[in-house]
2 protein chains.
Amino acid sequence: MQKVHPTSQDAGEALHLCLKVMQRMPRLQWSIEQYIQGIRAGDRVALGRAITLIESTRPDHQRLAQQLLQQLSAEKPNHQTLRIAVTGAPGVGKSSFIEALGLHLVAQNLRIAVLAIDPSSAVSGGSILGDKTRMERLSMSENVFIRPSPSGGSLGGVARSTRETIHLVEAAGYPIVLIETVGVGQSEIAVRHITDIFLLLLLPGAGDELQGIKRGIVEMADLLIVNKADGERLALAHQAQTYYRNAVRLLPPHPSGWAPRVLACSSAEGTGIPEVWTSIQECVQQFQATHYFAAQRQQQALYWLRETIEETLRRGFYHHPCVQKVLPSLEAEVAAGRISPFDAAEQVLTKYYAEAGLQRN
Amino acid sequence: MQKVHPTSQDAGEALHLCLKVMQRMPRLQWSIEQYIQGIRAGDRVALGRAITLIESTRPDHQRLAQQLLQQLSAEKPNHQTLRIAVTGAPGVGKSSFIEALGLHLVAQNLRIAVLAIDPSSAVSGGSILGDKTRMERLSMSENVFIRPSPSGGSLGGVARSTRETIHLVEAAGYPIVLIETVGVGQSEIAVRHITDIFLLLLLPGAGDELQGIKRGIVEMADLLIVNKADGERLALAHQAQTYYRNAVRLLPPHPSGWAPRVLACSSAEGTGIPEVWTSIQECVQQFQATHYFAAQRQQQALYWLRETIEETLRRGFYHHPCVQKVLPSLEAEVAAGRISPFDAAEQVLTKYYAEAGLQRN
């Protein structure tokens with residue numbers, strides 16, 4: 001049989017065909033059933049596409065996403081899942097910690113998902129996965145699903161798509177979800193409301209680096225973990241541990257009776273990681289024994305109901321043309337002390353309710 | 001001249017006449033000018049009546065109160081005034097501390113007003129003044145005006161009437177206003193937003209009593225003051241000081257560069273009180289030198305503008321008949337995990353905007 005050598009023209013035609021197929025691909029809309037089948041079969045492409053659906057702002061995508069979430073959650077209760085927040089100031093080593101903890105879990109045949117809240121991913125399409133040095137070993141495991149989660153912009157925005165993504169990956173058979181925050185402020189508060197357990201990573205030492213932690217974050221932590229406790233930094237790590245043990249002792253007691261622990265570990269050397277996992281499990285046991293675990297999840301759901309309602313009310317008000325017209329000058333008057341804030345509020349609200357045709361009660 | 005002995009019938013008639021006069025008194029409505037004249041002349045009755053006007057929920061009283069506040073604030077800027085929050089768990093000795101600090105200020109010819117946020121005063125008409133053992137010596141001074149401030153019920157409610165009362169007493173010539181909270185939670189947060197300086201009183205020792213302090217309160221304090229540092233408790237007081245000095249060192253730096261101080265005093269013996277006043281003055285100097293003082297007041301005014309707007313929007317929504325009809329069952333569905341909080345929010349918001357005739361944007 002004679003061998004046929006493809007010409008450059010053949011290659012050109014093949015490429016053209018390929019491009020035509022690819023151009024048509026986005027138009028192929030999957031049905032709910034296709035998504036559900038794929039997700040249940042552990043198909044990462046289906047899971048990825050479903051998450052993209054959740055993150056989309058297109059109304060038809062949103063409707064499909066809601067139907068998908070409802071069918072999945074109706075079929076599979078998620079009481080056996082665990083959602084862990086991993087927070088800490090930039091540079092504390094959150095990704096390397098997640099890699100170390102993740103490998104420890106994978107070695108025990110546990111399947112985990114990692115959602116990294118990434119403020120840049122909305123623009124760049126996911127800088128975290130782009131950075132190949134991050135979680136390199138972990139991302140090669142078959143039992144691990146890693147995905148950046150766009151921060152959207154508003155507080156509720158972050159949490160909404162991330163919260164719904166958690167439900168998806170749980171339904172796809174990842175019972176442990178680690179949520180990594182960017183560590184620059186408000187995202188921690190949103191993440192506290194979508195997770196069961198809150199880890200705060202710290203650097204060795206007890207000086208300047210503490211200033212990277214925003215107010216109120218230490219109080220939210222169930223476990224405080226001094227990372228990079230290795231080599232020359234071992235003494236400084238113990239110093240930080242003592243420091244934070246004193247600090248958390250000052251906090252009011254947790255409703256579950258759990259006393260926050262201060263641990264040390266080295267993500268680079270893997271030391272202290274098994275102890276972190278043991279403490280996480282003991283914390284969960286305490287939460288479950290006191291029924292705090294289920295109560296917290298219920299409170300979180302009701303919190304998001306209220307938050308979504310109130311964010312919509314605020315948006316409806318602040319984006320209304322009549323409000324945008326009068327509010328800036330009223331704010332200037334209030335800032336200058338010329339009128340009282342209550343009087344200014346009354347003025348703009350009267351206008352809003354009148355122009356929007358809303359009955360005030 | 002013959003002496004006339006009044007009979008019991010005379011007394012009865014006098015009493016009757018007296019009651020008739022008193023019954024008519026509430027109908028006498030003062031004009032704005034009468035209020036302003038009285039307040040400027042330092043008439044406590046006029047000041048008291050004006051505060052009652054502010055606290056009233058009657059629309060005509062509210063209108064009059066707003067006019068009064070506007071005229072007063074237009075005439076007299078309040079840059080030279082100082083608003084101090086005095087907080088701490090129940091039993092820490094807030095009233096006796098205010099008495100001791102107040103007497104120290106009065107001795108320096110300073111005029112002070114004390115507003116005590118009192119959750120019971122709406123019901124009892126002011127339990128704090130009823131309790132004669134509280135601030136007994138201070139209340140006898142001519143340079144002191146003491147008044148309970150009803151807590152109203154809602155967070156915004158407390159702060160609104162108290163904030164407006166601050167403006168009134170400042171206009172009436174009390175440049176220093178001490179605001180005492182009840183120390184049971186949310187009132188501290190509201191009070192933080194109406195004061196320049198935040199004092200947190202603590203008990204000696206470093207054990208159980210710490211648990212009376214709600215989360216986030218220590219972080220708001222500019223000065224932490226261990227009260228009751230006398231007699232046998234002196235050693236315990238120093239222990240508490242050391243403890244809290246470590247704790248506040250962990251806090252992120254204050255925008256003004258002010259580092260919170262931990263002092264000790266005895267309100268009973270008067271020791272440490274002059275040092276508290278010196279620290280308050282140094283804190284104010286630091287706030288003013290960095291322009292934080294004025295910036296904070298401006299931020300507070302804008303905060304109350306937003307808070308008032310958003311509270312009104314929330315009230316309008318949650319009190320709407322159609323919302324009250326459908327929300328409880330949706331909440332139950334969300335709590336049971338049968339529908340997502342976002343889906344429930346969408347359902348109730350769609351109903352609300354449709355029935356209220358409001359355009360959604």
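The values are calculated or read from the model by the stated rules, or taken from the named source; none is laboratory data. Model, not experiment: these values are computed from the prediction. Positions of Cβ are generated from backbone atoms using ideal geometry, with glycine treated the same way; all protein chains shown enter the neighbour counts.
Pairs meeting the criteria (first residue in region A:211-223 and more than 9 Å from every other protein chain (Cβ to nearest Cβ), second residue at pLDDT below 80 and crowded, with 18+ Cβ neighbours inside 10 Å, beta carbons under 6 Å, at least 6 apart or on different chains) are A:217/A:188.
Contact annotation: residue pairs with Cβ atoms under 9 Å, 6 or more positions apart or on different chains, pairing a residue in region A:305-321 that is facing another protein chain (nearest Cβ under 7 Å) and more than 12 Å from residue B:344 (Cα to Cα) with a partner that is modelled with pLDDT under 85 and outside any helix (DSSP H, G or I), are A:312/B:360; A:316/B:358; A:316/B:359; A:316/B:360; A:316/B:361; A:319/B:361; A:320/B:359; A:320/B:361. For region A:193-207, the condition of being crowded, with 21+ Cβ neighbours inside 10 Å, within 14 Å of another protein chain (Cβ to nearest Cβ) and farther than 24 Å from residue B:248 by Cβ holds for at least one residue.
Taking the criterion of being touching a residue at least 60 places away in the same chain (Cβ under 8 Å) and basic (Lys, Arg), the only residue of region A:248-301 that qualifies is A:297.
Residues of region B:232-256 that are of a type in the set (Lys, Arg) and within 14 Å of another protein chain (Cβ to nearest Cβ): B:245, B:249. For region B:281-298, how many residues meet the condition of being out of contact with any Ser or Thr (no Cβ under 9 Å at 6 or more places or on another chain) and surrounded by 15 or more Cβ atoms within 10 Å (Cβ to Cβ)? Within region B:281-298, residues that are out of contact with any Ser or Thr (no Cβ under 9 Å at 6 or more places or on another chain) and surrounded by 15 or more Cβ atoms within 10 Å (Cβ to Cβ) number 2. Restricting attention to region A:197-248 and to residues that are modelled with pLDDT under 90 and at positive phi, the residue that is nearest to the chain's Cα centre (by Cα) turns out to be A:216.
Would it be correct to say that residue A:329 is farther than 30 Å from residue B:327 by Cα, away from chain B (no Cβ under 12 Å), in contact (Cβ under 8 Å) with a residue 60 or more places away in the chain and of a type in the set (Ser, Thr, Tyr)? So residue A:329 does not fit the description; no. For region A:179-186, the condition holds for at least one residue, the condition being that it is touching a helix residue (DSSP H, G or I) at 6+ places or on another chain (Cβ under 9 Å), modelled with pLDDT of 90 or more, assigned by TED's automatic domain parsing to the domain that holds residue A:227 and acidic (Asp, Glu). Filtering region A:327-361 to residues that are surrounded by fewer than 17 Cβ atoms within 10 Å (Cβ to Cβ), assigned to a helix (DSSP H, G or I), at pLDDT below 90 and not acidic (Asp, Glu) leaves only A:354.
Residue B:278 passes every criterion in (1) surrounded by fewer than 21 Cβ atoms within 10 Å (Cβ to Cβ); (2) farther than 30 Å from residue B:231 by Cα; (3) of a type in the set (Val, Ile, Thr) apart from (2).
If I filter region B:249-266 for residues that are among the charged types (D, E, K, R) and under 28 Å from residue B:236 (Cα atoms), do I get at least one hit? The answer is yes; a qualifying residue exists.
Of everything listed in (1) modelled with pLDDT of 95 or more; (2) more than 21 Å from residue A:281 (Cβ to Cβ), the single unmet condition for residue A:119 is (1). Answer with yes or no whether residue A:294 is aliphatic (A, V, I, L, M) and more than 7 Å from chain B (Cβ to nearest Cβ). Spelling it out, residue A:294 is indeed aliphatic (A, V, I, L, M) and more than 7 Å from chain B (Cβ to nearest Cβ). When B:315, B:306, B:245 are checked against the criterion of being assigned to a helix (DSSP H, G or I), surrounded by fewer than 21 Cβ atoms within 10 Å (Cβ to Cβ) and touching a strand residue (DSSP E or B) at 6+ places or on another chain (Cβ under 6 Å), a single residue qualifies: B:245. You will find that of B:285, B:299, B:281, B:324, the residue that is within 17 Å of residue B:83 (Cα to Cα), assigned to a helix (DSSP H, G or I), out of contact with any Gly (no Cβ under 7 Å at 6 or more places or on another chain) and within 14 Å of chain A (Cβ to nearest Cβ) is B:299 and no other. Selection over region A:264-278 of residues that are of a type in the set (D, E, K, R) and assigned to a helix (DSSP H, G or I) gives a count of 1. Counting only residues that are within 12 Å of chain B (Cβ to nearest Cβ), touching a helix residue (DSSP H, G or I) at 6+ places or on another chain (Cβ under 7 Å) and either modelled with pLDDT of 80 or more or within 18 Å of residue A:147 (Cα to Cα) (or both), region A:49-80 holds 8 of them.
If you go through region A:338-358 and keep only what is of a type in the set (Gly, Ala, Ser) and either touching a His at 6+ places or on another chain (Cβ under 7 Å) or facing chain B (nearest Cβ under 7 Å) (or both), you end up with A:340, A:344, A:345, A:356, A:357.
Kindly check whether there is at least one residue in region B:257-278 that is touching a helix residue (DSSP H, G or I) at 6+ places or on another chain (Cβ under 8 Å), aliphatic (A, V, I, L, M) and within 14 Å of chain A (Cβ to nearest Cβ). Yes; the residues of region B:257-278 include at least one that is touching a helix residue (DSSP H, G or I) at 6+ places or on another chain (Cβ under 8 Å), aliphatic (A, V, I, L, M) and within 14 Å of chain A (Cβ to nearest Cβ).
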